[in-house]
1. Could you tell me which residue of segment 143-164 is nearest to ligand 3 (Cβ to nearest atom), considering only residues that are over 17 Å from SER341 (Cβ atoms) and β-branched (Val, Ile, Thr)?
2. Return only the number of the condition from (1) touching an Asp or Glu at 6+ places or on another chain (Cβ under 8 Å); (2) within 16 Å of ligand 1 (Cβ to nearest atom); (3) under 18 Å from ALA117 (Cβ atoms) that SER25 does not satisfy.
3. Suppose we keep only residues that are of a type in the set (S, T, N, Q) and under 16 Å from LYS95 (Cα atoms) within segment 3-18. Which one would you say is farthest from ligand 3 (Cβ to nearest atom)?
4. Test of understanding: among SER332, SER324, SER341, which residue is more than 16 Å from ligand 2 (Cβ to nearest atom) and touching a helix residue (DSSP H, G or I) at 6+ places or on another chain (Cβ under 8 Å)?
5. Is it the case that segment 104-115 has a residue that's surrounded by fewer than 21 Cβ atoms within 10 Å (Cβ to Cβ) and within 16 Å of ligand 1 (Cβ to nearest atom)?
6. Scanning segment 266-294 for residues that are among the polar types (S, T, N, Q) and touching a residue at least 60 places away in the same chain (Cβ under 8 Å), which turns out nearest to THR247 (Cα to Cα)?
7. Scanning segment 21-60 for residues that are of a type in the set (A, V, I, L, M) and touching a residue at least 60 places away in the same chain (Cβ under 8 Å), which turns out surrounded by the most Cβ atoms within 10 Å (Cβ to Cβ)?
8. Restricting to segment 126-169, and then to whatever is in contact with a Gly (Cβ under 9 Å, 6 or more places away or on another chain) and of a type in the set (Lys, Arg), can you tell me which residue is nearest to ligand 1 (Cβ to nearest atom)?
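The values are calculated or read from the model by the stated rules, or taken from the named source; none is laboratory data. On a predicted model such as this, the values are computed, not experimentally measured, just so you know. In this analysis, Cβ positions are derived from the backbone assuming ideal geometry, glycine residues included, and neighbour counts consider all displayed protein chains.
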Amino acid sequence: CIILAIETSCDETGVAIVKNRHILSNIVASQIDIHRRYGGVVPEVASRQHLEVINICLEQAFTESQLSWEEIDGIAVTVAPGLMGSLLVGLTTAKTLAMIHNKPLLGIHHLEGHIYASYLSDPQLEPPFLCLLVSGGHTSLIAVRDCGDYTLLGNTRDDAVGEAFDKTARLLGLGYPGGPAIDRAAAAGNPFAYSLPEGKVSHPDGGYYAYEFSFSGLKTAVSRLVKQLEAQGELPVNDLAASFQETVARSLSERTIACALEYNLNPIVVGGGVAANRTLREKLQQKGQEKGLTIHFPPMKLCTDNAAMIACAGVQHYQRGQYSSLTLSATSRLPLNEAMSLYA
Ligand code: ATP
Ligand code: MG
Ligand code: FE
């Protein structure tokens, strides 16, 4: 089937057309340059900008794919979670198009998009699998037993890992967005220059939770180290970036592998913006190989927000006849295990 998708949950306006697992067009209008001067996403600015460019993105998606509306089977759109004003621009556009062209509407949970991004480079991948979801707002281990059947096995107790990258980059003066900046700086640094704490979450009965994450302590440790080193002279930014990245990648990959083994889930599918991180990719790949586990990553440019991954999730629901009502509303927060509530 051929699905057109719209993604406007945060600061990327995305429109894509996907045929099963094959991308026919994937337009992403990033607002990074607009939000950079504020050091983060400004919600009011984001929604206004989506409105500004959405129609141009739609036109481009059709031009690039050389398709017409008759060939589109359904319209997928991100409805949760995300910035309310931004989500509404995409949802209102999608509903209008669904009505005009008489196509089924498929409301998509944004995290389902990140989970299925790897399908776009792998025609064989199917549940069950373990998903490590690492993005700007989430850090979770999810058992995916079927499309729509998600069990949370681990989560962060404080910052999301993408957020930790962004905050640490700011501490190191590396600018916005922080993930790619740290990744680049780290390539020129020594990952073992500094020993940083791997955040662990204490269990009330003693010991630690095996699959829970915590990144706020790590960020505080970097902050303290930065102050101390700055007092001594020039900041060894590359070494600090490399040491931070090493610590994060180790904590993520060790827990992910242990979780996959305990729950007997293979392969492991990684999704979200931080899946683009080179050290994380290397470490997981290597540790997975040692344990006989297969690791799937999305193609680099499909890790961060895009509409192709939303279309890919849309294909899954369309094929199961799961359509949404035209009265569907956007939700800024929605747990992943309630994703099926989006279908009538
Ligand atoms: P969510 O999906 O949880 O709602 P989001 O959509 O804002 O959040 P994504 O677009 O999936 O998040 O990812 C953005 C995050 O990924 C940012 O925090 C960014 O710093 C991080 N990121 C991007 N590239 C890299 C990289 N190479 N290394 C580490 N982090 C990265
Ligand atoms: Mg983004
Ligand atoms: Fe995202």
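1. VAL161
2. Failing condition for SER25: (2).
3. The selected residue is THR8.
4. Among SER332, SER324, SER341, only SER324 is more than 16 Å from ligand 2 (Cβ to nearest atom) and touching a helix residue (DSSP H, G or I) at 6+ places or on another chain (Cβ under 8 Å).
5. No: zero hits.
6. Here the answer is THR279.
7. Among those residues, the one meeting the criterion is ILE27.
8. My answer is LYS167.
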